[in-house]
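These notes concern the structure reproduced below.
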Amino acid sequence: MIKIGLTGGIGSGKSLVSQYLVELGAYIFEADNEAKKIIDTNKTTQNELIAEFGTDVLNAENKIDKKKLAKIAFQDEDHQSRLNAIIHPYVFDEIDSHFDKISSENNHSLFVVDAALIYESGADTHMDYIVVVSSHLKLRVSRVMERGGLTRDEFMRRMELQWPEEDKVHMADFVIPNNGTEEDLKTSTSYLFNQIV
């Protein structure tokens, strides 16, 4: 079973490509959602986060508040690295166990790890291919602003903490440009799927 890493900067359209890949028969492992689940349910992780960042990351019920954690973690590279050093090993374990399970069921031709930090986390070395979704900055900003949830400043700060898109594109096995319509993106995704499978 082929294992793909799917990445792209914030607002690039990576989630949409994931959706299209599901329609084509791929299994998607959403690393960011898994990381959130781990933070919510894994006591060891929670204790490590509190030890690292203090009780400032807790809400009134003494649970990890992901908004507060994000505010601290995305303030600079050092804080983000410290967060990733705690979370990534748990996410990698989940990738491995999901991959084993999905491989044995034999219902999917592709196992796709959808993650913003494929390269930054070192996960790229565990993949057969890396696909980068690339998009003009102006389009990415407008998509993120439309969706809400982040201010322009928060978007720019998060973008600065990720590798530059041109570096990712340069290292990728495949690039899906997303500067046109959703129909164009769907066609490009379908073409890519057929090339790999």
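Residue-level check: of (1) under 30 Å from Asn47 (Cβ atoms); (2) under 16 Å from the mean Cα position of the chain (by Cα), Phe111 misses just (1). Being at pLDDT 95 or above, closer than 9 Å to Asp114 by Cα and either β-branched (Val, Ile, Thr) or touching a strand residue (DSSP E or B) at 6+ places or on another chain (Cβ under 6 Å) (or both) is a property that Leu6 has.
Exactly one residue out of Ser135, Ser188, Ser103 is over 27 Å from Gln80 (Cα atoms), of a type in the set (S, T, N, Q) and either touching an Asp or Glu at 6+ places or on another chain (Cβ under 9 Å) or in contact (Cβ under 8 Å) with a residue 40 or more places away in the chain (or both), and it is Ser103.
Of everything listed in (1) over 19 Å from Arg158 (Cα atoms); (2) surrounded by 14 or more Cβ atoms within 10 Å (Cβ to Cβ); (3) among the hydroxyl-bearing types (Ser, Thr, Tyr), the single unmet condition for Ser15 is (1). Might you check whether a residue that is more than 28 Å from Arg143 (Cα to Cα) and in contact (Cβ under 8 Å) with a residue 60 or more places away in the chain occurs anywhere in the stretch 78-96? Checked the stretch 78-96: at least one residue is more than 28 Å from Arg143 (Cα to Cα) and in contact (Cβ under 8 Å) with a residue 60 or more places away in the chain.
Take Glu23 and tell me if it is acidic (Asp, Glu) and in contact (Cβ under 8 Å) with a residue 60 or more places away in the chain. So Glu23 does not fit the description; no. Quick one: would you say Ile118 is crowded, with 20+ Cβ neighbours inside 10 Å, over 19 Å from Asn42 (Cβ atoms) and among the hydrophobic types (A, V, I, L, M, F, W, C)? Considered against the rule, which asks whether it is crowded, with 20+ Cβ neighbours inside 10 Å, over 19 Å from Asn42 (Cβ atoms) and among the hydrophobic types (A, V, I, L, M, F, W, C), Ile118 comes out as yes. Of everything in the stretch 122-155, what is in contact with a Phe, Trp or Tyr (Cβ under 8 Å, 6 or more places away or on another chain) and within 25 Å of Tyr27 (Cβ to Cβ)? Give them in sequence order. Hits for the stretch 122-155 are Ala123, His126, Tyr129, Ile130, Val131, Val132. Taking the criterion of being farther than 21 Å from Ala123 by Cα, in contact with a Lys or Arg (Cβ under 9 Å, 6 or more places away or on another chain) and of a type in the set (D, E, K, R), the residues of the stretch 8-48 that qualify are Glu23, Asp40.
Only residues that are out of contact with any strand residue (DSSP E or B) (no Cβ under 8 Å at 6 or more places or on another chain) and small (Gly, Ala, Ser) were counted in the stretch 10-46, giving 2. Scanning the stretch 1-44 for residues that are in contact with a Phe, Trp or Tyr (Cβ under 6 Å, 6 or more places away or on another chain), β-branched (Val, Ile, Thr) and more than 27 Å from Thr151 (Cβ to Cβ) gives a single hit, Ile4. Could you tell me whether Lys68 is farther than 25 Å from Lys3 by Cα, surrounded by fewer than 17 Cβ atoms within 10 Å (Cβ to Cβ) and among the charged types (D, E, K, R)? For Lys68, the condition - farther than 25 Å from Lys3 by Cα, surrounded by fewer than 17 Cβ atoms within 10 Å (Cβ to Cβ) and among the charged types (D, E, K, R) - is met. Restrict the check to the stretch 31-46 and report whether at least one residue is small (Gly, Ala, Ser) and without any contact (Cβ under 8 Å) to a residue 60 or more places away in the chain. Yes: one or more hits.
The values are calculated or read from the model by the stated rules, or taken from the named source; none is laboratory data. Source: prediction; values computed, not measured. Glycine gets a Cβ as well: all are built from the backbone with ideal geometry, and neighbour counts include every protein chain shown.
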